[in-house]
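S.K.: Here's a structure for you.
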Amino acid sequence: MEQLTTIGLNHYLTISAFLLGFGLFAVMTRKNAIVILMGVELILNAANINFLAFSKYNGGMEGVMFALFIIVIAAAEAAIALAIVINIFKIFKSVDVSTVDTMKE
Amino acid sequence: MHSLIQLSIVVLLLPLLSFVILIFFNRRLPRRGDFIGLGILGTAFGISAYIFWSVIVQAYDPAFRIAWDFTWIDLGNVPGVGPLQIKMGVVIDNLTAIMLAMVTLISLLVHLYSTGYMAGDKNYGRYFAFLGIFTFSMLGIVLSDNLFSIYIFWELVGLSSYLLIGFFFEKDSAADAQKKAFLANRVGDIGMWLGILILYSQFHTFSFEQIYANLAAGNFGLSNAWLTAAGILLFMGCVGKSAQFPLHVWLPDAMEGPTPVSALIHAATMVAAGVYFVARIFIMLTPDALHVIAFIGACTAFMAATIAITQNDIKRVLAYSTVSQLGYMVLGLGVGAYSAALFHLVTHAFFKACLFLGSGAIIHAMHHEQDMRWMGGLRKHMPWTFATFTLATLALAGLPLTSGFLSKDAILAGAIGFAKVEGGGIYYLIPVLGFFSAMLTAFYMGRQIWLVFFGDSRTHLKPADTSHQAHHAHDTHATHADAHHSTHAVHEVSWNMRAPLVILAALSIYAVYSPDPLDGAKGWFMKMIPTPATVVGAANPQKGALLTSNAPLHLASVVPSSETAAPALAATPVAAEHAVATAEHGEAKGGHIYSDPRQAEIVHAGHAAHFTAIYISSIMVALGIIMAFVVYVFKIIDPEKTARLIRPLYLFSLNKWYWDEIYDATVIKGSMALAKMLSWFDAKVVDGMVNGVALLVKKFAFLNDSFDKHVVDGMVNFTAFTVNTTGAVLRKLQTGKVQTYVVMLLLAVFGYFIFYFTRLIY
Amino acid sequence: MLSLIVFLPIIAGLVILAVPSSQKQIIRIVSLLAALAQGVLAVLIWKGYNPALPGITAGPGGSPLGSFQFVEKVPWISLHLGGFGSLNIEYFLGVDGISVTMVILTALVSAIGVLSSWTIQKQVKGYFILYNLLASAMMGCFVALDFFLFYVFWEIMLLPMYFLIGIWGGPNREYAAIKFFLYTLFGSVFMLLVMIALYFSVLDPVTGNHTFSLVAMATQSNYIKDAILGPDNVMWRYVAFIVLFIGFAIKVPMFPFHTWLPDAHVEAPTPISVILAGVLLKLGTYGMIRINFPLFPEVFHASMYVIGIFGAINIIYGALCALAQQDLKKMVAYSSISHMGYVLLGLSAGNSEGMVGALYQMFNHGTITAMLFLLVGVIYDRAHTRQIDKFGGLASYMPVYAAVVTVAWFASLGLPGLSGFISEALVFVGAFSSPTTRYIAMVSVLGIVFGAAYLLWSLQRMFLGTRKADAAYDLQIGTDGHEHIHFHDWKGKIDLDGRELAMLVPLLLITLFLGIYPMPVLGMLTSSINKLVQVLSPVVMSQM
Amino acid sequence: MSNPTYTVIFYLFAAITVCSAAFVVFTRNVIYSAFSLLFTFFGVAALYVFLSADFIAVTQVVVYVGGILVLLLFGVMFTNSIMNAKPKSDVLHVVPGTVLLIGIIGAMLYTFYTTHGWMPSETTLQGSIVERIGFETMSRYVLPFEMVSILLLAALIGAAFLARFDKPGK
């Protein structure tokens, strides 16, 4: 019970593990490119939680700074990814990634 | 630097300046710049005359010699030799001074003459440029103080001769002749070059002075045979340039060049360069080498004379007579009549130049007819030419009161003396051939004078079709085509062509050279150019000792023939020592002192034979002239019939002893065949070998290939098959969908998790 | 400085890479600028060169400084190979008298070559990139003092040459290119073996490591006594010398390894012929002087006789083959063989005169033969044939061309006043002064006559006389009433045009100037050659 | 830290985060997903506050909610017309996906709860860290900071370039 009531590192890690798992699941199973992107965002958030949690319980600033940069990069990534998605849509008339398999040839 | 040296360098460079100006700018100058060439040569002659005057006339010193040199190539501190430099330099001595004046004078006259003769030619300016470079090269030979620069100018003379012979290069015969001249000269030059190399390899210097000093000191490291070989090889340069047997063949063909060029180059100066060169190296020639030279000279004199009697082309007769006279000079040097040979060189230069220029005037007047058979009767039309031509002819034939008599007689006297000293026998062949040639000379020159100037004009007798005479030389001008043979009247040439004739003819009179019309040795020339002492005696102890044994006897009886009492050439310590020793002997007062006993003997014997020579040669010359009269004036003997009678001999002479044919069949055909063979060898055998190796490698490669195909490749194919099958299965996995790959990736990650934890647990 | 002069053309090549291939003029101008800059650098090197320093071997203390000049030495490749010890390759450049003349020659011929390449129309970009690569490699060969570096440049050179002949050549170009390539590769494979053997036999006196430095190799005391090429291993030293010599002899090219040369020349485009004859052939003899002789002086001394005989064969054989040729370019190619024979003969003399003559002959042959090939190119451009018999009487119609040809031809046959004479004369002086090669020199002088024969004969057939019936050109009466010459499809100037004169006149002036006053080149050579002769002399060797 | 209120609030936000994330993943409707993602981001932001990273939390809200989410919504609307009858998205690899989902989460949780080496140290971050972030950004992390700014610029241009409309006729 002590473990449940006293919020510690493992709690945050657990949440982040769930977010990561859901993110991966989205990336793996969804055909819609936008949902895949959302999954990626989830993964990134999971990583951020981890960074901040470790930072908190180690007393250093490194995790905080990393989290900050990750957010920035995530924003850039989202912009680029959406641009790509729009291009895919323009070319294939769909955001269904399973139709984007020209790499096979 | 001595002021005379400076002047001589100016004289040397002036014609070069003329060449440079004219070759580049002749088309932009008025009169194509001929006045530049003429003016420059005039200046050069003026300076040369001053040098001549101050060296010979004003203050004659038998040992006069000033030299100046500069480092041309510095090879640094050469291991085993020490500091080594190749120097270039200029030397002036008595002989140089005379030669300088002679060359520039004749060149000046030829320039003047050419302004008339070459007028209207399309390459008029270039002609004068070529004359300039020729004069430069010739002066270079004259002034050089070392073998290397002589060789350089020697080749340059060859080049200018090449350019001038081929001046009418559009004619195939001219192009052939120029090539032949250059190649024949080159053959001689490689001999000369080897001679130079022999000397250089021993002394590491090219300078005459140092070579002679070393030779006199006995520093020659090789055997005497090498020294003799060096002498003969150096003489080969002369054989080429002075057209001696067996390389004489180029000179008659060289008559393809413009006639004034023939006068300048192929009669007066360039061909004399060979003789001048032999004179320069005279003191290092061993007796054996001198014997070779004497025989070659005699052979040349005789052979050329026999050919000259049957030639019909006016210039060819003169060409062969030149070869013959050059033979005399070489003969003179060979027998040790040094002064006489050089004397003949000078006198011959003037009268032969006169003859060539005269023949040029005749050809010019006859509108480029060169065949004497179609001339005749020109005496009345061309009085100036006739007079000067005849005077020069008399000098050539060696009639008394002419310069030619003085010099030729001195040579023949020397030849008799030589034969006596050497002990007779085969050596008498040399004077005999000399006298016989003198007779032939008189005969063919008499023939020429008669055919050209006397009798009636035979222009109309010329066959209309002249194609069968294509091998005969004809000067061609741009105006040639519109000059029709017989319609134009023959006329005397203009003043600028006449003046040189007169000057040259005047220089053929005995009085210029000697007060005594019968003895050249009393003249200034032979007194001032005495025989120098040899330097090989010291290097040649056996022979020297042999001669020294009876030397005092002859030394004592050397005839005093000059007022000057000084050693001829005291350049070398040994020679000077000899000279002092002989001077102490006391009996040679007032005369030349010959440190070399052999030379002394020959000179002495030559003097003794002086009158013998005069008698014999006068008789021979008279015989020759009488024969010419008998045949051509009185027509007692019909030349045609005689020719038919001795047809083989006649043809032998007419075809120049078949030398051209012999060379063509052996040397030229041989070289070409060898070249063709080697070329074939190169393409088929050497290259064939290469290609054969390539083929072999190729064959081996094919063999390898079949092994490869069936064994190695079989294995490879099996592997490929396996891979192919596996691939066909596995490629199903490649869907092109990124998500599939993500799934697989994560499966792998998960698998690793499992693996890791299993490891951890167990 | 040296790095700059070596890599300048490569930089130009990179610049060209960025230029679109349609901009032909820009490509050409970039190449020309690089070549001119290289020339300027060569002049600077010439100005800054101190002729007193000898080179050849190391200076005081085993360092190249004080002996070589413009030295650049940095470690390049340093590999630890476990049991084999370590591999130390240096980027080591420097010049002495021998190389500095060649550097100048290379810069000169490269620039002339660029000008001559102006008429190349096919794939200009590729051509000039390869050309610049070639120029860099040639220059690198002459300044490399590390054997490995030398080998690298040597091999780099092959590749562009192969393509330049194989793509831009004549009708039979593939055959010629592959022949050239295989022949030279054959030689360099042996070179590689000897190089490695040398590496394991030599210690750098300064560092104590094995080294590829040619400077260290040139001092016999740096050899390990019992190593494969150490002084005790006489047989292997002979083998190494012979193998290395063959490698270089192929490049010279020496009889019987010469057959690639006429083919390559006939097929190669004019500028490549110029480079080939002007610079590449010199690499063979340069390699002998730089590597073969000073590394194995005692073997050289024992084989002087043989080298001399091969030199004589080259001289006479080449000249006679030239005499029989119908193709003008082939004739010039064989004349190259003949002239390179003089170099071999001079080297075989083993004395200063001969070696200075040989080096000077290398320089002069570079300039003169470049001129000859350019002149052949001029007439080939116009008439599209090189058959000597297809011409005749050209002197009347192309006077400037005829004059230049005459001077060039005479320079080639060794006329005094032109540079070829001095080098040939020095070669003969040297060869004759050495008792070993005296008789060989006596035979070789025949080459002078044969040389004159083929050159004058070709001159006569092409330029003198009148037009032949089956000539490669027609005669027309021009507007001024004179006869003019007309080539079938040649639109340009009949006589030499400005570009051709710009190529030929500098070479002519150099030939003339160096024929009258040779010291500017000889002065740079003498101290190095004297040092080399000292290194090679048996006296020094016996003190070893 | 056993403040019950604190604990309860933590669990509340943790639940919001995890549940909304699950909803994002499992709903078929893309628009629902997007809106659900909003809650996830808020939840995560709240968790950041718990982790004493208030500045990051604000950034999270501003960037993710204000930026990325809007962007995603635009993407959704742009590619799926609202009028479109089928705004749902299909799925694939459901079975391996589910297996892996459970597997990976399980493996991670297993790891977390069996590992003891990374238990918290004595010192923890306390109070506001805004000032420290500012200080760190301008000193130790100035180079990454600048690089990130350049990256952003590049991404901006790149995105604009990629997403631009081609002019008709080209």
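S.K.: Please find, among B:Ala175, B:Ala181, the residue that is under 13 Å from the mean Cα position of the chain (by Cα) and crowded, with 19+ Cβ neighbours inside 10 Å.
M.R.: B:Ala181
S.K.: A further question follows. Take the residues in region B:79-106 that are touching a residue at least 60 places away in the same chain (Cβ under 8 Å) and in contact with a strand residue (DSSP E or B) (Cβ under 6 Å, 6 or more places away or on another chain); name whichever of them is farthest from the other protein chains (Cβ to nearest Cβ).
M.R.: B:Ile92
S.K.: Is at least one residue of region C:474-496 modelled with pLDDT of 85 or more, charged (D, E, K, R) and under 34 Å from the mean Cα position of the chain (by Cα)?
M.R.: The answer is no; no qualifying residue exists.
S.K.: Check whether at least one residue in region B:736-749 is under 21 Å from D:His93 (Cα atoms), within 14 Å of chain A (Cβ to nearest Cβ) and not in a helix (DSSP H, G or I), and report yes or no.
M.R.: yes
S.K.: State all residues of region C:95-142 that are surrounded by fewer than 22 Cβ atoms within 10 Å (Cβ to Cβ) and polar (S, T, N, Q); if no residue qualifies, say none.
M.R.: C:Thr119, C:Gln121, C:Gln123
S.K.: If you check A:Lys90 against the conditions, is it in a helix (DSSP H, G or I) and within 30 Å of D:Gly134 (Cα to Cα)?
M.R.: In short, no.
S.K.: Test B:Tyr756 against the stated conditions and say whether it is more than 30 Å from A:Asn32 (Cβ to Cβ), over 60 Å from the mean Cα position of the chain (by Cα) and either outside any helix (DSSP H, G or I) or within 10 Å of another protein chain (Cβ to nearest Cβ) (or both).
M.R.: yes
S.K.: Then there is this: Would you say B:Val346 is crowded, with 24+ Cβ neighbours inside 10 Å and either modelled with pLDDT of 80 or more or not in a helix (DSSP H, G or I) (or both)?
M.R.: So B:Val346 fails the test.
S.K.: May I ask you to verify whether A:Leu19 is part of a helix (DSSP H, G or I), facing chain D (nearest Cβ under 7 Å), over 23 Å from D:Phe112 (Cα atoms) and within 15 Å of the chain's Cα centre (by Cα)?
M.R.: Against the criterion (part of a helix (DSSP H, G or I), facing chain D (nearest Cβ under 7 Å), over 23 Å from D:Phe112 (Cα atoms) and within 15 Å of the chain's Cα centre (by Cα)), A:Leu19 does not qualify.
S.K.: Something else: Could you please tell me which pairs satisfy a Cβ distance under 6 Å, a separation of 6+ or placement on different chains, a first residue in region C:238-258 that is closer than 23 Å to C:Ile316 by Cβ, and a second residue that is small (Gly, Ala, Ser)?
M.R.: So the pair list comes out as C:Phe248/C:Gly284; C:Phe248/C:Gly287; C:Ile250/C:Gly187; C:Lys251/C:Gly284; C:Val252/C:Gly284; C:Phe257/C:Ala249.
S.K.: Got a sec? Which of A:Val27, A:Val35, A:Val40 is assigned to a helix (DSSP H, G or I) and more than 7 Å from every other protein chain (Cβ to nearest Cβ)?
M.R.: Checking each option against the conditions leaves just A:Val40.
S.K.: So, in region A:49-67, how many residues would count as being part of a helix (DSSP H, G or I) and more than 7 Å from every other protein chain (Cβ to nearest Cβ)?
M.R.: Qualifying residue count for the region: 6.
S.K.: A further question on this structure: Need the failing condition index for C:Ile494 against (1) within 14 Å of another protein chain (Cβ to nearest Cβ); (2) in a loop (DSSP other than H, G, I, E, B), just the number.
M.R.: The one condition C:Ile494 does not meet is (1).
S.K.: Would a scan of region B:677-685 turn up a residue that is modelled with pLDDT under 85, surrounded by fewer than 12 Cβ atoms within 10 Å (Cβ to Cβ) and away from chain A (no Cβ under 14 Å)?
M.R.: Scanning region B:677-685, I find at least one residue that is modelled with pLDDT under 85, surrounded by fewer than 12 Cβ atoms within 10 Å (Cβ to Cβ) and away from chain A (no Cβ under 14 Å), so the answer is yes.
S.K.: Could you give me the residue pairs with C-beta distances under 8 Å whose first residue belongs to region B:176-193 and is more than 15 Å from C:Gln460 (Cβ to Cβ), whose second residue is assigned to a helix (DSSP H, G or I) and of a type in the set (S, T, N, Q) wherever it lies, and which are 6+ apart or on separate chains?
M.R.: B:Asn185/B:Ser161
S.K.: If you go through region C:58-80 one residue at a time, do you hit one that is hydrophobic (A, V, I, L, M, F, W, C), assigned to a helix (DSSP H, G or I) and modelled with pLDDT under 90?
M.R.: no
S.K.: Within region C:238-264, work out how many residues are of a type in the set (A, V, I, L, M), under 19 Å from C:Leu345 (Cα atoms) and more than 17 Å from the chain's Cα centre (by Cα).
M.R.: Total satisfying the criteria: 2.
S.K.: Follow-up question, since we're still on this one. With a cut-off of at least 3 residues that are without any contact (Cβ under 8 Å) to a residue 12 or more places away in the chain, name the helices (runs of 4 or more DSSP H) lying wholly within region C:400-485.
M.R.: C:438-444
S.K.: Turning to a different aspect of this structure: Of the conditions (1) surrounded by 10 or more Cβ atoms within 10 Å (Cβ to Cβ); (2) more than 60 Å from the chain's Cα centre (by Cα); (3) not polar (S, T, N, Q), B:Lys732 satisfies every one except a single condition; which number is it?
M.R.: It fails just one condition, (1).
S.K.: Another question, then. Please state which one of C:Ser336, C:Ser396 is more than 22 Å from C:Leu496 (Cα to Cα) and either in a loop (DSSP other than H, G, I, E, B) or among the polar types (S, T, N, Q) (or both).
M.R.: Going through C:Ser336, C:Ser396 in turn, just one is more than 22 Å from C:Leu496 (Cα to Cα) and either in a loop (DSSP other than H, G, I, E, B) or among the polar types (S, T, N, Q) (or both): C:Ser336.
S.K.: In region C:403-438, which residues are facing another protein chain (nearest Cβ under 9 Å) and aliphatic (A, V, I, L, M)?
M.R.: C:Ala403, C:Leu413, C:Leu415, C:Ile422, C:Ala425, C:Leu426, C:Val429, C:Ala431
This table checks each residue for (1) under 19 Å from C:Ile10 (Cβ atoms); (2) among the hydrophobic types (A, V, I, L, M, F, W, C); (3) within 17 Å of the chain's Cα centre (by Cα).
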residue: C:Gly94; (1), (2), (3): no, no, no
residue: C:Thr101; (1), (2), (3): no, no, yes
residue: C:Leu115; (1), (2), (3): no, yes, no
residue: C:Tyr127; (1), (2), (3): yes, no, no
residue: C:Leu149; (1), (2), (3): yes, yes, no
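S.K.: Please verify whether region D:67-88 includes one or more residues that are modelled with pLDDT of 85 or more, buried (at least 20 other Cβ atoms within 10 Å of the Cβ), hydroxyl-bearing (Ser, Thr, Tyr) and within 28 Å of D:Ala155 (Cβ to Cβ).
M.R.: no
S.K.: Let me ask something additional. Could you list, in sequence order, all residues of region A:68-105 that are basic (Lys, Arg) and at the interface with another protein chain (Cβ under 7 Å from one of its Cβ atoms)?
M.R.: A:Lys104
S.K.: Okay, moving on. Quick one: A:Leu24 ticks every box in (1) touching a helix residue (DSSP H, G or I) at 6+ places or on another chain (Cβ under 6 Å); (2) surrounded by 18 or more Cβ atoms within 10 Å (Cβ to Cβ); (3) within 22 Å of D:Arg28 (Cβ to Cβ) bar one, so which box is it?
M.R.: The one condition A:Leu24 does not meet is (1).
S.K.: Just give me the residues in region C:147-169 being among the small types (Gly, Ala, Ser) and touching a residue at least 40 places away in the same chain (Cβ under 8 Å), in sequence order.
M.R.: C:Gly169
S.K.: Quick one: which residue in B:Ile265, B:Ile232 is surrounded by fewer than 24 Cβ atoms within 10 Å (Cβ to Cβ) and assigned to a helix (DSSP H, G or I)?
M.R.: Just one listed residue meets the conditions, B:Ile232.
The values are calculated or read from the model by the stated rules, or taken from the named source; none is laboratory data. Fair warning: this is a prediction, and the values are worked out from it, not measured in the lab. Reconstructed Cβ throughout: ideal geometry from the backbone, glycine too, with neighbour counts over all protein chains shown.
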